[in-house]
1. Do the conditions hold for ASP152, that is, is it part of a helix (DSSP H, G or I) and assigned by TED's automatic domain parsing to the domain that holds GLY368?
2. Of the residues that make up region 3-15, is at least one more than 18 Å from LEU112 (Cα to Cα) and of a type in the set (S, T, N, Q)?
3. State which residue is surrounded by the most Cβ atoms within 10 Å (Cβ to Cβ) when the search covers only region 43-57 and only residues that are in contact (Cβ under 8 Å) with a residue 12 or more places away in the chain and in a loop (DSSP other than H, G, I, E, B).
4. Could you list, in sequence order, the residues of region 23-37 that are outside any strand (DSSP E or B), within 20 Å of ALA117 (Cβ to Cβ), at pLDDT 90 or above and not small (Gly, Ala, Ser)?
5. Checking LYS4 against (1) more than 26 Å from the chain's Cα centre (by Cα); (2) outside any helix (DSSP H, G or I); (3) at pLDDT below 85, which test does it fail?
6. Can you tell me which condition TYR236 does not meet? The list is (1) among the aromatic types (Phe, Trp, Tyr); (2) closer than 21 Å to PRO374 by Cβ; (3) not in a strand (DSSP E or B), and all the others hold.
7. Answer yes if at least one residue in region 290-313 is closer than 24 Å to ARG256 by Cα, aromatic (Phe, Trp, Tyr), part of a loop (DSSP other than H, G, I, E, B) and within 13 Å of the chain's Cα centre (by Cα), and no otherwise.
Amino acid sequence: MTNKDSVVLVEDDPIALRSMERSLISRGFSVLPASDAKAALSLVDSGGVSAVIADICMPGPSGIDLLKQLRTQGSPIPVVLVTGEDDVQSATDAVNLGALRYLRKPVSADRLSEAVAYAINVSRVSRLQVEARKSSWSELTALSLVPATAADYERAIELVWIAYQPVVSLSRKAIIGYEAFVRTMDAVLPGPAQLFEAASRLGRLRELGLQIRRAISQSAEPLSEAQRLFVNVMPYEVMDDDLLSPNGSLSAIASRVVLDIADRNRLAKLVDLEERTRALSKVGYRFALQDFAISEGDVAPFLAIHPEVVKIDRTLVQGIDRNEVSYNLVSQLLEVAGALGLKAVCMGVETAAEASTLKSLGADLMQGYYFAKPGVSFPEVDPACFDAIA
């Protein structure tokens, strides 16, 4: 247990608080007790907290109020709420505000321990993902210290090409679609990150998106009618009228396209998003959300776009055969996806062991270097890859 893995336990009944505290400490957890919401907020503000377990019914601010305050402050800390009352409204409020779990009293020691362990695991993975994004941004910033000129950008977009990576179904032992990736052979702007950063500085992001989508459409002819084409788009591109135009960049293949949307937090801020996605659906587009998670931030995008597919990030998939935290989290994500009727694609599968573990959790759709690297002309998958999965 690291110093970042303390759990704040909030309960106004001193006997119940001490009992739960002893139970959790005996199971190896670091516990910070609090008798009310104000004390709990103070402990969270002091840092080093990975989860909050709070009683809903307390004098003064309730557990629901505590959850609201944490979210208002922008805190992503997982919160588990506990109640002794059969209150449907409280349960609804808890879910809508993004409570990780909602437990009814009496809560057994095993069930409490499991909820705390799960909350801490969610917090750990969230920290890893934040650090990964910071690292990626640092690399991008370093690459941008010498800004590319307009001439560099013009040359780079002339050298753009599209790579495709298969998305496979284990149950069918077949490729069900491909994800498109932009590539460039330019020496100054050699990768997508540098290309998009240059386009952003030059005010040419929309133009770049159009060019990439046109290149995808032009190269998609070999794709069978039954196979889906996953096209990565940023939230602002969803609102681009080009997608609705009869002569738009993807109009000829819209019925086969899954708009694979990144940065869902920005997606939720778009005006008239639900109306736009309905219009796009009528044209034939389907939707996927990247970096599937269980949090309040996912509610609005789900309600607005009704995705067909969710992507489970490679940071959770890689090493899942050896990592209990990833194993438990992916298991939960697959369960939620199944309950919502969503298809889940596990990204970044690199070994047969990872694929076998995911299969044991009920995963069927996968993508990663184990099956094929991104390449030109729609790479095939060696049948032996399927046979090696237990």
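The values are calculated or read from the model by the stated rules, or taken from the named source; none is laboratory data. All values reported here derive from a predicted model rather than from experimental measurement. When we count neighbours, we look across all protein chains shown, and the Cβ atoms used for this are built from the backbone with ideal geometry, even at glycine.
1. Numbers: part of a helix (DSSP H, G or I): yes; assigned by TED's automatic domain parsing to the domain that holds GLY368: yes.
Judged against the criteria, ASP152 is a match.
2. There is at least one residue in region 3-15 that is more than 18 Å from LEU112 (Cα to Cα) and of a type in the set (S, T, N, Q).
3. Within region 43-57, the subset in contact (Cβ under 8 Å) with a residue 12 or more places away in the chain is 43-44, 48-57.
Subset that is in a loop (DSSP other than H, G, I, E, B): 48, 56-57.
Numbers: GLY48: 13, ILE56: 25, CYS57: 16.
Top of the filtered list is ILE56.
4. Hits for region 23-37 are LEU24, ILE25, PHE29.
5. (1)
6. With (1) among the aromatic types (Phe, Trp, Tyr); (2) closer than 21 Å to PRO374 by Cβ; (3) not in a strand (DSSP E or B) applied to TYR236, the lone miss is (2).
7. So in region 290-313, the residues closer than 24 Å to ARG256 by Cα come out as 290-292, 301-313.
Next, only the ones that are aromatic (Phe, Trp, Tyr) stay: 292, 302.
If we keep only those that are part of a loop (DSSP other than H, G, I, E, B) too, we end up with 292.
Keeping just the survivors that are within 13 Å of the chain's Cα centre (by Cα) gives 292.
So far as region 290-313 goes, yes, one or more of its residues are closer than 24 Å to ARG256 by Cα, aromatic (Phe, Trp, Tyr), part of a loop (DSSP other than H, G, I, E, B) and within 13 Å of the chain's Cα centre (by Cα).
Residue-by-condition table, conditions (1) in the same structural domain as PHE230 (by TED's automatic domain parsing); (2) in contact (Cβ under 8 Å) with a residue 24 or more places away in the chain; (3) assigned to a helix (DSSP H, G or I):
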position: GLY338; (1), (2), (3): yes, yes, yes
position: GLY341; (1), (2), (3): yes, no, no
position: VAL349; (1), (2), (3): yes, yes, no
position: SER356; (1), (2), (3): yes, yes, yes
position: LYS359; (1), (2), (3): yes, yes, yes
position: ALA363; (1), (2), (3): yes, yes, no
position: TYR369; (1), (2), (3): yes, no, no
position: GLU380; (1), (2), (3): yes, yes, no
